[in-house]
Amino acid sequence: MHVLYELYLRRRMLAGLYKRMREVGDLTQDVFEVIMGVQKDVEEVLERSPLRSNLQDMKSVMKKTCDRIMDRVSRSVNGVTGIPTGIPELDRMTGGWQPGNLIFTAARPADGKTALDLFFARQAAMAGVPVVFFTLEMTASELGERMVLAESRADPLRIRQGKLTAEEVEDVHRTAERMSALPVHVDDTPYINVDQLCVIAKSLRAKGELGLLIVDYLQL
């Protein structure tokens, strides 16, 4: 929709400019009226564009601010007003992940960024928040195995070696069943671009299936 709207604005501008160009070449036209016409065309385009529609006076800003604060008051549970992170000290500092937050998990390679992101995903999902996890470096089943490794009591090395005892196999199945009940979607499309990611995310959001979006990972 964003691209289509830009094309619409371009078409409106071109139509107006072509009209004014003809008027500029017509010596019977008052040049000052032509200038006023150009200004009017620009104003009409701006009125229909985000450049004008996003302007808000301070009265409306303050009303939205108070509404936002009161909404937090109504949702506060032990000081957490957003999505719980699962780390008490972080929850105390942030109040949980807040709507509209953009959070970066930054560290050196192999320092556990994916493991931490999966922890945040599980904590949010266990609180009933629908999570969408985009993984650009591993498959969905590899991601699922990491979740099982984090929750299961089975030995991680024996899981990787396929040398599990009968009790460990049973524990893995129980863990997988618990994970299956979580409101989490995983997308392992390789080389997905930002526009494609946004389309998927907006679709899930419209259906009420997205409360926390995690992307693993972005190269800067």
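In this label model, Asp30 and Thr65 are separated by 4.6 nm, measuring between points 7 Å along each Cα→Cβ vector. In this structure, Val3 and Lys202 have a Cβ-Cβ separation that, at R0 = 22 Å, corresponds to a calculated FRET efficiency of about 0.95.
Each residue of the range 182-198 was assigned a 3J(HN,Hα) from its phi angle through the Karplus curve 6.51 cos²θ - 1.76 cosθ + 1.60 (θ = phi - 60°); the sequence is 6, x, 10, 10, 10, 10, 10, 4, x, 6, 5, 9, 5, 4, 5, 4, 5 Hz, with glycine and proline shown as x. For the chain, a simple Cβ point-charge model (Lys and Arg +1, Asp and Glu -1, everything else neutral) yields a dipole of about 500 debye relative to the Cα centre. Pick out, from Val80, Ile69, Val215, the residue whose Cα sits farthest towards the positive end of the charge dipole of the chain, with +1 on the Cβ of Lys and Arg and -1 on the Cβ of Asp and Glu. Farthest towards the positive pole: Ile69. When a 1.4 Å probe is rolled over the protein heavy atoms, the share of accessible surface on the range 71-220 that falls to carbon and sulfur comes to 56 percent. Site pair Ala176 and Glu142 shows an inter-label distance of 1.9 nm when each label is modelled 7 Å from Cα along Cα→Cβ. Exposed loop sites, defined as chymotrypsin sites (Phe, Trp or Tyr not before Pro) outside DSSP H, G, I, E and B with at most 12 other Cβ atoms within 10 Å, are absent from the longest region of the chain, namely 1-103. Among the trypsin sites (Lys or Arg not before Pro) in the range 29-136, those placed in a DSSP loop whose Cβ has at most 16 other Cβ atoms within 10 Å are Arg48. For the range 94-220, the direction-averaged projected area of the alpha-carbon convex hull comes to 8.9 nm². Considering helices alone, the calculated mean residue ellipticity of the chain at 222 nm is -18500 deg cm²/dmol, with DSSP H runs of length four and up weighted by -39500 (n - 2.57) and normalised per residue.
Considering the values (i) 45, 38, 37; (ii) 95, 41, 34; (iii) 87, 38, 28, which represents Cα extents along the principal axes in Å as calculated for the structure under consideration? Recomputing Cα extents along the principal axes in Å here picks out (ii). Gyration tensor analysis over the Cα atoms of the range 25-155 returns equivalent ellipsoid semi-axes of 51, 24, 11 Å (largest first, whole Å).
Under the combined filter of DSSP loop state and at most 15 neighbouring Cβ atoms within 10 Å, the range 139-220 retains these trypsin sites (Lys or Arg not before Pro): Arg153, Lys163, Lys207.
The length gained by stretching the chain between Asp57 and Asp111 to full extension, at 0.36 nm per residue less their Cα-Cα distance, is 14.8 nm. For the range 83-126, the Kirkwood hydrodynamic radius from C-alpha pairs, put into Stokes-Einstein at 25 °C and a viscosity of 0.890 mPa s, yields a diffusion coefficient of 219 µm² per second. Computed from label points 7 Å out along Cα-Cβ, the spacing between Thr165 and Ser76 is 4.9 nm.
Protein heavy-atom accessible surface, 1.4 Å probe, per residue over the chain: 73 Å².
The values are calculated or read from the model by the stated rules, or taken from the named source; none is laboratory data. From a predicted model like this one, the values you see are computed outputs, not experimental measurements. FYI the Cβ positions are ideal-geometry reconstructions off the backbone, even for glycines, and counts take in every protein chain you see. Calculation scope for accessible area: heavy atoms of the full protein, side chains included, ligands and nucleic acids excluded. Shrake-Rupley method; radii C 1.70, N 1.55, O 1.52, S 1.80 Å.
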